[in-house]
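See below for the structure under consideration.
The values are calculated or read from the model by the stated rules, or taken from the named source; none is laboratory data. Treat the numbers as computed from the prediction; the structure is a model and nothing was measured. Glycine also receives a Cβ, built like all others from the backbone with ideal geometry; neighbour counts cover every protein chain displayed.
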Amino acid sequence: MTKFSRCNPWSLGVGLICLVLIAPIVLIFASLALPQYEVWQHLAETVLADYVTNSLLLAFGVGVLVVLIGGPLAWAVARYEFVGRSHIQWLALLPLAMPAYIIAYCYTGLLDFAGPVQSALRASFGWKYGEYYFPEIRSLSGAVLMLSLVLYPYVYMLAKTAFSELPSSMEETAKSLGCSTSQFIFKLVLPIARPAILMGAALAMMEAFADYGTVQYFGISTFTTGVFRTWFGLGNGIAAAQLAAMLTTFVMLLLILEFYSRRKIKYYSQGQKRGPRPRTQLRGARGILVAGLCLLPIILGFMIPVGQLLYWSIHTYSAQLDAAFVSLVWNSFYLAAITALVVVSLAVLFAYAKRLNTSRGIHAVINTVSLGYALPGTVIAIGAMLILTQLDIYLNDLTEAWFNFTPGLVLSGTLFALVLVYSIRFLAVAMHNLDTGMARVKPSLDEAAKSFGVSAWHIIRTIHIPLLKTSIFSACLLVFVDVLKELPATLILRPFNFNTLAVRTFELASDERLMEAAIPALAIVLVGIVPVVFLSRMTDKQNSR
Amino acid sequence: MLRLTDVAIGYDSQTVVDNLDLHLEAGQIGCLLGASGCGKTSILRAIAGFQEVTCGQISLRSNVVSEPNTMLAAQKRNIGVVFQDYALFPHMTVAQNIAFGLHRLSKDERQQRVRELLNLVGLNGLEERYPHGLSGGQQQRVALVRAMAPKPDLLLLDEPFSSLDSELREALAIELRSILKHENTTALLVTHDQYEAFAMADVIGVMHQGKLMQWADAYTLYHQPNSKAVANFIGEGVLLSGKVAEHKQIDCALGTFNQTNQRTYSVGQSVSFLIRPDDIILDPSSAIRAKVIDKAFRGSHIWYRLQLLSPDTQQQVICLAPSHHNYAIHESLGIRLDLKHLIVFAD
């Protein structure tokens with residue numbers, strides 16, 4: 001897998017780190033070499049069909065719904081001017097701050113039998129249990145809806161860029177060639193924006209495949225819940241890894257779709273110098289109607305669940321804000337901070353490795369390692385768990401033989417395991433930011449500085465650090481928040497008696513202690529808003545340039 | 001074919017083009033020439049139907065297509081447009097791009113027309129390529145034939161060469177002209193580059209600050225500009241100041257000349273008149289002496305900036321001397337004026 005063209009220290013260092021980062025994934029696929037006939041026979045007879053159909057239905061449902069929500073929203077924001085458009089533009093990103101398992105339990109509290117909506121219906125119409133129909137939120141379609149409400153921003157962001165980058169000359173050319181408005185939309189706009197929309201949908205579908213919290217809470221059997229059950233229920237790690245390998249294969253297909261789309265986007269945007277056409281003004285009732293429709297996903301995906309959390313929090317905060325909560329916040333924050341530091345340091349190292357080495361090998365290895373974002377947290381966690389417990393066993397045997405001392409589970413039972421898994425999953429987030437920053441530090445700047453005869457360290461201090469610091473900061477922020485929200489890997493790998501906000505929220509919600517779960521959930525959401533606002537500011541800045 | 005009468009164009013109470021009249025015959029190639037921001041692209045957009053006029057009217061084949069508050073949709077004008085960025089549809093092949101405007105033809109006719117056009121611009125064999133796989137010059141040719149494919153009454157070209165390397169431009173301009181002439185297309189292009197305009201157009205309009213200053217062929221614009229703005233914009237040259245003397249004569253540092261144009265100036269009025277580099281001839285026997293200030297070697301010619309050595313003047317002229325007349329800077333030489341047209345402007 002790793003190919004060293006020359007054995008310089010960069011290749012060696014980067015190669016070793018990448019080997020560590022890739023090992024869990026390799027192990028997942030290596031597990032296929034150890035067939036577990038009994039477990040698989042059992043799975044095939046009972047739940048395997050459910051896992052496959054539910055996971056596929058969930059992912060495709062989410063894929064379709066995020067396009068239906070995010071596409072028209074992006075079109076309205078990109079092409080029309082209406083009341084509140086400039087605010088809606090960034091408010092539409094807020095649902096990104098809402099982890100799916102939190103929105104799921106908010107709506108459950110709101111819509112289940114004892115919740116305020118059904119109670120109010122019963123009170124006003126005098127209905128009794130079983131006398132009326134009400135859609136069940138704890139269902140596959142409920143899960144599709146919940147996930148779509150928080151994942152549509154992926155499509156929205158990418159489609160908005162695609163729609164607003166359409167040069168005005170494109171539309172005018174089409175018109176001068178006798179093309180009607182609907183022909184323009186169906187023959188030109190949609191085909192040209194299709195790669196961007198598909199890429200957004202692919203990212204959302206990857207998240208849907210990876211989701212554990214929502215489906216577990218709703219009691220839907222999917223691959224992720226299956227991996228958990230096989231590992232903890234049947235106690236078969238190898239079979240769990242094999243299930244994870246199956247899941248990964250589905251995700252790989254999405255990855256190919258994403259790659260294909262990314263390449264198309266690059267080709268399609270070549271040579272477009274003209275600015276976009278000015279937005280059409282929508283006045284009066286039409287403007288208000290469009291604004292209302294655009295607000296709908298924001299209200300459903302963010303305002304209502306946050307309102308629900310606030311309401312619960314107000315009723316429970318006095319009992320909740322105790323020493324245990326403080327240690328929960330402390331655990332979450334320092335875990336997230338350590339991970340952010342580790343991941344961003346790796347990203348900086350890799351970014352420089354790519355910059356200073358033209359060797360194809362290093363680039364390929366780093367790019368492969370950054371694909372971890374596509375892998376479900378459950379998958380990476382299972383792989384890491386298998387390999388680290390094995391290493392711990394060897395290590396303890398070794399130290400016992402040599403020093404008559406056993407250090408215990410130093411790799412699999414400590415935060416090391418968590419940080420490793422987070423690094424694999426979130427490296428791409430940091431790399432993306434660093435690559436963008438690095439593109440600004442053009443090699444000619446280095447050469448210009450060198451021509452003045454200053455030292456390498458001086459160049460780094462006066463040119464690289466100032467130009468890279470925004471990228472490094474936003475990378476830290478994004479990784480920090482992603483770690484804070486992460487659920488399934490944390491559930492599997494956290495050390496004994498180590499709780500985080502995400503884990504606690506999920507445990508309380510699973511125990512139907514919805515009100516008590518509100519405070520830790522609200523903490524996650526509030527911290528999650530920070531990078532969303534920060535990022536929308538950054539894109540505003542770029543657009544105004 | 002195309003007629004604009006008293007046209008004005010404005011955006012939000014700001015007028016960018018005013019009082020514009022022009023006329024283009026069928027088969028003619030016209031050009032609007034001017035610095036950026038002079039309103040020439042607005043005129044093109046108004047003719048294409050992307051921009052309303054605030055005054056006057058635009059007619060095409062004697063039918064009014066634009067008037068204040070009424071505008072025939074761009075789709076119904078039968079006008080082809082080639083944009084500065086070409087606006088090729090990135091998801092379609094070359095053939096699909098060219099066939100885009102041919103939706104009324106049958107499949108066979110469409111293929112036939114596409115082949116014919118690709119042949120015309122020498123792009124046979126590139127039918128299945130995508131725009132991102134073409135060079136800049138190839139993209140431009142595809143954009144051109146795509147606009148020409150439905151046989152429009154009028155073809156509009158907005159800065160068609162601006163995205164190309166400067167070495168390519170003039171050659172392509174000449175090629176483009178022969179393609180347009182071959183198809184007998186009526187065309188109007190917009191450019192800021194006078195050499196492109198000279199190479200392409202039968203008739204050129206010089207635009208300055210939203211007004212059409214002069215609408216004439218290249219020779220007339222160069223030798224008989226009707227205003228200082230046109231004289232300054234077109235070609236090289238200097239405006240030499242002089243004074244009107246008795247008997248309709250004008251005195252200046254280079255001698256006394258008879259005034260030939262219709263306008264008469266009062267005696268004693270100060271005027272300027274246009275001296276082109278080709279009006280100055282090196283003549284060692286001449287009594288008028290000048291000193292070389294700047295020079296630039298241009299292959300067949302040497303470009304000189306000369307300072308007149310008459311005692312009462314600080315004035316300068318420009319001269320293009322044949323290449324073997326090589327003088328050093330500060331060297332003094334004799335010059336003679338060979339004026340075919342005396343172009344005088346009041347100061």
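Key figures for this structure:
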item	result
Residue within region A:276-296 that is of a type in the set (D, E, K, R) and touching a helix residue (DSSP H, G or I) at 6+ places or on another chain (Cβ under 9 Å) present	yes
Residue tally, condition of a type in the set (A, V, I, L, M, F, W, C), at the interface with chain A (Cβ under 8 Å from one of its Cβ atoms) and closer than 15 Å to B:ARG146 by Cβ, over region B:49-87	4
Residue match in region A:508-518 (condition: out of contact with any Cys (no Cβ under 7 Å at 6 or more places or on another chain), assigned to a loop (DSSP other than H, G, I, E, B), among the charged types (D, E, K, R) and modelled with pLDDT of 90 or more)	no
The one condition in (1) of a type in the set (D, E, K, R); (2) more than 14 Å from chain B (Cβ to nearest Cβ); (3) within 23 Å of A:GLU81 (Cβ to Cβ) that A:ARG277 fails to fulfil	(2)
Test: residue in region A:461-471 that is surrounded by fewer than 21 Cβ atoms within 10 Å (Cβ to Cβ), in contact with a Gly (Cβ under 9 Å, 6 or more places away or on another chain) and of a type in the set (Val, Ile, Thr)	yes
Total residues in region B:134-151, condition under 20 Å from B:MET1 (Cβ atoms), part of a helix (DSSP H, G or I) and either in contact with an Asp or Glu (Cβ under 9 Å, 6 or more places away or on another chain) or more than 11 Å from chain A (Cβ to nearest Cβ) (or both)	2
Lone qualifier among A:SER164, A:SER176, A:SER168 - being crowded, with 24+ Cβ neighbours inside 10 Å and in contact with a strand residue (DSSP E or B) (Cβ under 9 Å, 6 or more places away or on another chain)	A:SER176
Qualifying residue in region B:62-85 (condition: within 20 Å of the chain's Cα centre (by Cα) and either among the charged types (D, E, K, R) or farther than 30 Å from B:ASN124 by Cα (or both))	yes
Failed item in (1) touching a Gly at 6+ places or on another chain (Cβ under 6 Å); (2) surrounded by fewer than 20 Cβ atoms within 10 Å (Cβ to Cβ), with B:ASN258 passing the rest	(1)
Region B:101-122 - residue that is at pLDDT below 90 and either outside any helix (DSSP H, G or I) or within 28 Å of A:ARG263 (Cα to Cα) (or both) and, of those, farthest from the other protein chains (Cβ to nearest Cβ)	B:GLY122
Residue in region A:163-177 that is away from chain B (no Cβ under 14 Å), more than 18 Å from the chain's Cα centre (by Cα) and in contact (Cβ under 8 Å) with a residue 12 or more places away in the chain present	yes
B:LEU189 being of a type outside the set (D, E, K, R) and more than 14 Å from chain A (Cβ to nearest Cβ)	yes
First in region A:398-416 and touching a residue at least 60 places away in the same chain (Cβ under 8 Å), second anywhere and part of a loop (DSSP other than H, G, I, E, B) and of a type outside the set (Ser, Thr, Tyr), Cβ under 8 Å, 6 or more apart	A:GLY413/A:PRO495; A:GLY413/A:PHE496; A:THR414/A:PRO495; A:LEU415/A:PRO495; A:LEU415/A:PHE498
Among the candidates A:ALA364, A:ALA439, A:ALA401, A:ALA340, residue that is crowded, with 18+ Cβ neighbours inside 10 Å and either small (Gly, Ala, Ser) or not in a helix (DSSP H, G or I) (or both)	A:ALA340
Filtered residues of region A:412-436 (kept if in a helix (DSSP H, G or I) and hydroxyl-bearing (Ser, Thr, Tyr))	A:TYR422, A:SER423, A:THR436
Entirely in region A:71-152, the helices (runs of 4 or more DSSP H) that have 3 or more residues that are under 16 Å from A:ILE298 (Cβ atoms) and not aliphatic (A, V, I, L, M)	A:85-91
Region B:152-172: number of residues that are modelled with pLDDT under 90 and either more than 23 Å from B:HIS23 (Cα to Cα) or within 12 Å of chain A (Cβ to nearest Cβ) (or both)	13
Some residue of region B:27-46 being within 13 Å of chain A (Cβ to nearest Cβ) and either more than 18 Å from the chain's Cα centre (by Cα) or of a type in the set (D, E, K, R) (or both)	yes
Identity of the residue in region A:185-200, crowded, with 18+ Cβ neighbours inside 10 Å and among the hydrophobic types (A, V, I, L, M, F, W, C), that ends up farthest from the other protein chains (Cβ to nearest Cβ)	A:MET199
Options A:VAL421, A:VAL429: the member that is modelled with pLDDT of 90 or more and under 25 Å from A:ILE366 (Cβ atoms)	A:VAL421
Members of region A:497-507 that are among the aromatic types (Phe, Trp, Tyr) and not in a loop (DSSP other than H, G, I, E, B)	A:PHE506
Residue under evaluation B:SER178, criteria (1) among the hydroxyl-bearing types (Ser, Thr, Tyr); (2) surrounded by 16 or more Cβ atoms within 10 Å (Cβ to Cβ); (3) over 16 Å from the mean Cα position of the chain (by Cα), criterion not met	(2)
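So that you can scan it fast, the table gives a plain yes or no per residue for (1) of a type in the set (Gly, Ala, Ser); (2) touching a helix residue (DSSP H, G or I) at 6+ places or on another chain (Cβ under 9 Å); (3) outside any loop (DSSP other than H, G, I, E, B):
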{"residue": "B:LYS291", "(1), (2), (3)": "no, no, yes"}
{"residue": "B:PHE297", "(1), (2), (3)": "no, no, yes"}
{"residue": "B:TYR304", "(1), (2), (3)": "no, yes, yes"}
{"residue": "B:GLN307", "(1), (2), (3)": "no, no, yes"}
{"residue": "B:HIS324", "(1), (2), (3)": "no, no, no"}
{"residue": "B:HIS341", "(1), (2), (3)": "no, yes, no"}
